[in-house]
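Structure, as structure tokens:
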Amino acid sequence: MVDQVQEVKEKTDIVDVVGEFVELKKAGRHFRGLCPFHHEKSPSFMVSPELQIYKCFGCGESGDVIAFLMKYEGLDFGEALAVLAEKAGVELKRVSRLSRTEKEELIEINELVARFYHFILLKHPLGKEGLEYLSQRRGISLQTIEEFDLGCSPESGNLMFNYLTQKKKIDPKLLEKAGVVVHVRGRWWDRFRGRVVFPIKDYRGRVIALAGRIMPKLEGRDLAKYINSPETLVYKKSASLYGIDRAKEMIRETKEAIIVEGEIDLISLWQAGIKNVVAIKGTALTEEQVRLVSRFAKTVLFCLDSDFAGDNAAIRGLKIAQQAEIELKVVNLGSFKDPDEFVRQDLEGFRLALKSAIGIWDFLIEMVIGRHDLSDSGSRAKISRELVPILALITDGILRAHFVKKVAEKLDVPEEAVNEEVEKYLKGVVKKTEVFSRPVKIVKKDTRELVEERILAIALQTGEIKKVLDLTGEMIKTGFIGKVFEEMKRLGDGFEIGRFVDTLPGELKDRVAGLFIEELGAEEEGDLMKELEKLILRLRMIDLKEKMANALDDVEFVKLSKERVELEKKTAT
Ligand SMILES: [Zn+2]
């Protein structure tokens, strides 16, 4: 296994892999781009082809290509390795079938189930009714049915269960873990019965769960209209976005994601040619979903039932959206019941509605005000009470001031009064949420360490190791830098940065690699050599001052003072 990890890494270029997700530009020996792990306007995310590592000088994220995929794609080590192995054409050896992870097994089961229901829908007489419902009542074409692998589960109790346990020899317990069957009073039942079935996929297109809508003829019985797989090892409702596997390319391209509620709305928009759309369950956009979508989009358009925001849960995603600098807008559906009805009856009107979506804050303020009668004096206080928590959610000070003013105008009260209420509210909230503020770890470095670090960085990046060694002599004192210098002395001309970094223990590795890929901010390499000379003088000065402070007698002190005067002259020129 260790060998295979090595093999995969050797056949992989981190620049290619990261380059798929981040726009990288050549910067000297390295590549540079906007960090995908924190929001930034000027790039501080560096990738080194020589060291095969990345490092962000903004947020500190760093690692090798496997670490990048794990972090960026939310994969575990084995999954990231498998992705890279496939790309590199390395066939990973497995000890046995048993060594597959349970996650992989659950995904495989979900895929088998989806395929089974898809077969029933298109090829089996039992799927006829489902097919009629989808194509005639919902206007979904065969092509779309294929694209989304839609299926149908017949009404009879355990057709799928029998197929998978008998034909595919799958353990019922695993089926239960995958959430596709239920065990009731000693019998196994298919969870989805008498429903059209929508496979829910992760953004890589793997089936992780299913959703089912009841067949029309069963409506009205005591059955839920929509059901979902339960949460399993591979499915977390709050973290998944239906359709993301298909929509992500278009979202990346348009930088815009439309969010609808439920599978049918999504499929309907998709079929109408609006493909940058994903669906959530219920009306709350969670933090995890915002994170997922923010990897592809800069703007999110809520295209939901108009009273969605009345639900407090809807605002949960707001905080994180602001952090990710995602712009949130709300689409007005007018008199249409849902986006599905809207696009099917008036596609052009729907496109127009998308274009004229309004900002989330405007929307929320209008909504609250719209619920009350402004002419009633008592309702103003009520409106204010409802709006203050919303205004307090706005993290950008300028933006908040803008909306405070707007609300004050609408309510015809002084701006200061609204502001005061918001401030008061915020103080109360800050106290309650203090636990969330992460303490910032500040490592204080003294001047000597900073100078020595800079010298090391120049040595590593210019490759002028020998010259730097000659100039610094025995002056390097900082622990880890000293160790690196010793190594460089020992290796002499055989020094090669990639191989060298590999020999270092963990923490040292990170620091040295960091110095190697950090931006030195020089226009030309010659500038760095000039800077190096100045740094050496500075280091000598630091050295002298320290010696003077520790001088044992006047003779030594005077001698050092003279040296210092000489050095100062040199520094001045
Ligand atoms: Zn970063």
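Key figures for this structure:
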read-out: Placed amide H near Ile53: partners under 5 Å, 5+ positions off or other chain; value: Ser48
read-out: Whole-Hz ³J(HN,Hα) from phi, Karplus 6.51 cos²θ - 1.76 cosθ + 1.60, for the range 152-161, glycine and proline x; value: 9, 9, x, 6, 4, x, 8, 4, 5, 4
read-out: Under Karplus coefficients 6.51, -1.76 and 1.60, residue-wise ³J(HN,Hα) of the range 457-471 in Hz, glycine/proline x; value: 4, 5, 4, 5, 7, 8, x, 7, 4, 4, 4, 5, 4, 4, 6
read-out: Taking all pairs of distinct alpha-carbon atoms in the range 447-572, Kirkwood radius in angstrom; value: 15.7 Å
read-out: Nearest-10 value in Å² for the accessible area of Met367, using the 1.4 Å probe; value: 40 Å²
read-out: Ranked packing of 384-395, 504-515, 199-210, most packed first, by mean Cβ within 10 Å; value: 199-210, 384-395, 504-515
read-out: Interchain or long-range residues, amide H under 5 Å from Val22's placed H; value: none
read-out: Candidate lysines for bridging to Lys509, where Cα separation is under 18 Å - those fewer than 8 sequence places away on the same chain excluded; value: Lys9, Lys55, Lys483, Lys489
read-out: Theoretical FRET efficiency, 1/(1+(r/R0)^6), r = Cβ-Cβ of Lys41 and Asp527, R0 25 Å, to 0.05; value: 0.45
read-out: Most to least packed among 211-222, 70-81 [average Cβ atoms within 10 Å]; value: 70-81, 211-222
read-out: Sequence of Arg191, Arg499 when ordered by accessible area, the most exposed leading, probe 1.4 angstrom; value: Arg499, Arg191
read-out: Under 22 Å from the Cα of Lys128 - lysines, other chains or at least 8 residues apart; value: Lys217, Lys225
read-out: Helix-only mean residue ellipticity at 222 nm for the chain, each DSSP H run of n ≥ 4 adding -39500 (n - 2.57), per residue, nearest 500; value: -15500 deg cm²/dmol
read-out: Whichever lysines have a C-alpha closer than 19 Å to that of Lys545, once near sequence neighbours (fewer than 8 apart) are set aside; value: Lys445, Lys477, Lys534, Lys559, Lys562, Lys569, Lys570
read-out: Entries of Lys167/Lys248; Lys168/Lys236; Lys169/Lys281 with Cα pairs more than 29 Å apart; value: Lys167/Lys248; Lys169/Lys281
read-out: Spacing of the two label points (7 Å from each Cα toward its C-beta) at Asp16 and Glu487, in nm; value: 2.8 nm
read-out: Inter-probe distance in nm under a simple model that places probes 7 Å from Cα toward Cβ, at His183 and Asn158; value: 1.2 nm
read-out: For the range 12-75 versus the range 490-551, the gap between their alpha-carbon centres in whole angstrom; value: 23 Å
read-out: Accessible area of His372 in the full protein assembly, 1.4 Å probe (Å², nearest 10); value: 50 Å²
read-out: DSSP bridge pairs, the chain: antiparallel proportion in percent, nearest 5; value: 75 percent
read-out: Fraction of accessible area attributable to carbon and sulfur, the range 66-194 (%, probe 1.4 Å); value: 53 percent
read-out: Label-point gap, in nm, between Glu249 and Gln136 - each point 7 angstrom along Cα→Cβ; value: 3.5 nm
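The values are calculated or read from the model by the stated rules, or taken from the named source; none is laboratory data. Since this is a predicted model, take the numbers as computed values, not measurements. All Cβ positions, glycine included, derive from the backbone under ideal geometry; neighbour counts span all protein chains shown. Calculation scope for accessible area: heavy atoms of the full protein, side chains included, ligands and nucleic acids excluded. Shrake-Rupley method; radii C 1.70, N 1.55, O 1.52, S 1.80 Å.
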